[in-house]
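Trainee: Just dropping this structure here.
The values are calculated or read from the model by the stated rules, or taken from the named source; none is laboratory data. These numbers come from a predicted model, not from an experiment. Neighbour counts are summed over all protein chains in view; Cβ atoms, including those assigned to glycine, are modelled from backbone coordinates with ideal geometry. Heavy atoms of the whole protein, side chains included, go into the accessibility calculation; ligands, DNA and RNA do not. Shrake-Rupley method; radii C 1.70, N 1.55, O 1.52, S 1.80 Å.
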Amino acid sequence: MIYDHISNFNKYVCVHPHFKDAHNFILTNNLSALMPGKIEINQHGAYASISKYYPKIQKDGILGCHKKYIDIQILLEGIEQIGVCNKIGCTEFEYNKETDFQKLDGDVSYIKMDNKYFAVFFPQDAHMPQIQYKKNKNEIKKIVFKIQVL
């Protein structure tokens, strides 16, 4: 997992060849003007998914991970927290190949997310996004870059 200030994103483009495409997308688009939906960001299967939602209370959160994709999550509007832990310490449930999602059960710690930070979740990183931060119920707008695992 990577959790850092958005101004440092350029330091991580060496982690995966398609992270540079996500970085270029960030630099060349007005992210706050993007409408919800899916946008291809390169010819190699990487895409951005823009969504709007209201955050959930912790007990309604769903902990999970992905096997095919790495998530780069950036909040464009609002504030939330994301529960995180390593998959190794979790109880695993059936993996859904179509949705690239495996539900997990485990003990999580929380990171604060707003438009100043980004988080990267690799296949070993269990994460539970969309959780209210300090009872903040305002609508969230988020972009998630989905980068195929090599």
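Trainee: What pairs come out if I take residues in the stretch 30-48 that are farther than 12 Å from Ile143 by Cα and pair them with residues that are of a type in the set (D, E, K, R) whose C-beta lies under 6 Å away, six or more apart or interchain?
Mentor: Ile41/Asp21; Asn42/Asp21; Ala46/Asp21
Trainee: Okay, next question. Take the stretch 124-140 and flag every residue that is more than 12 Å from the chain's Cα centre (by Cα) and over 19 Å from Asp4 (Cβ atoms).
Mentor: Just the residues of the stretch 124-140 that are more than 12 Å from the chain's Cα centre (by Cα), to begin with: 124, 131-140.
The answer is Ile131, Gln132, Lys134, Lys135, Asn136, Lys137, Asn138, Glu139, Ile140.
Trainee: Shifting gears a bit: Residue check, Lys112 against (1) open to solvent by less than 40 Å² (accessible area, probe 1.4 Å); (2) farther than 30 Å from His44 by Cα, all met but one. Which one?
Mentor: Among (1) open to solvent by less than 40 Å² (accessible area, probe 1.4 Å); (2) farther than 30 Å from His44 by Cα, Lys112 violates only (1).
Trainee: Checking Tyr95 against (1) assigned to a loop (DSSP other than H, G, I, E, B); (2) open to solvent by less than 80 Å² (accessible area, probe 1.4 Å); (3) among the hydroxyl-bearing types (Ser, Thr, Tyr), only one condition comes out false. Which one?
Mentor: (1)
Trainee: Specify the residue that is most open to solvent (accessible area, probe 1.4 Å); the eligible residues are those in the stretch 128-150 that are assigned to a strand (DSSP E or B) and under 13 Å from Asp100 (Cβ atoms). Can you show your working first?
Mentor: We begin by selecting, within the stretch 128-150, every residue assigned to a strand (DSSP E or B); these are 128-131, 140-148.
Keeping just the survivors that are under 13 Å from Asp100 (Cβ atoms) gives 144, 146-148.
Details: Val144: 21, Lys146: 27, Ile147: 0, Gln148: 71 Å².
Per the criteria, the residue is Gln148.
Trainee: Can you pull out the residues in the stretch 9-18 that are over 23 Å from Cys85 (Cβ atoms) and either within 15 Å of the chain's Cα centre (by Cα) or open to solvent by 40 Å² or more (accessible area, probe 1.4 Å) (or both)?
Mentor: Keep residues of the stretch 9-18 that are over 23 Å from Cys85 (Cβ atoms), which gives 9-11, 13-14, 17-18.
Scanning the stretch 9-18 gives Phe9, Asn10, Lys11, Val13, Cys14, Pro17.
Trainee: Every residue in the stretch 62-87 that is farther than 21 Å from Thr99 by Cβ, of a type in the set (Val, Ile, Thr) and either open to solvent by less than 10 Å² (accessible area, probe 1.4 Å) or touching a Ser or Thr at 6+ places or on another chain (Cβ under 6 Å) (or both), please.
Mentor: The answer is Ile74, and nothing else.
Trainee: Follow-up question, since we're still on this one. Which of the residues spanning the stretch 37-61 are over 24 Å from Gln132 (Cβ atoms), of a type outside the set (Gly, Ala, Ser) and exposed (fewer than 14 other Cβ atoms within 10 Å of the Cβ)? Don't jump to the end; show me each part of the working.
Mentor: To start, the set of residues in the stretch 37-61 that are over 24 Å from Gln132 (Cβ atoms) comprises 37-48.
Applying the additional criterion that residues be of a type outside the set (Gly, Ala, Ser) yields 38-44, 47.
Lys38, Glu40, Gln43, His44, listed by residue number.
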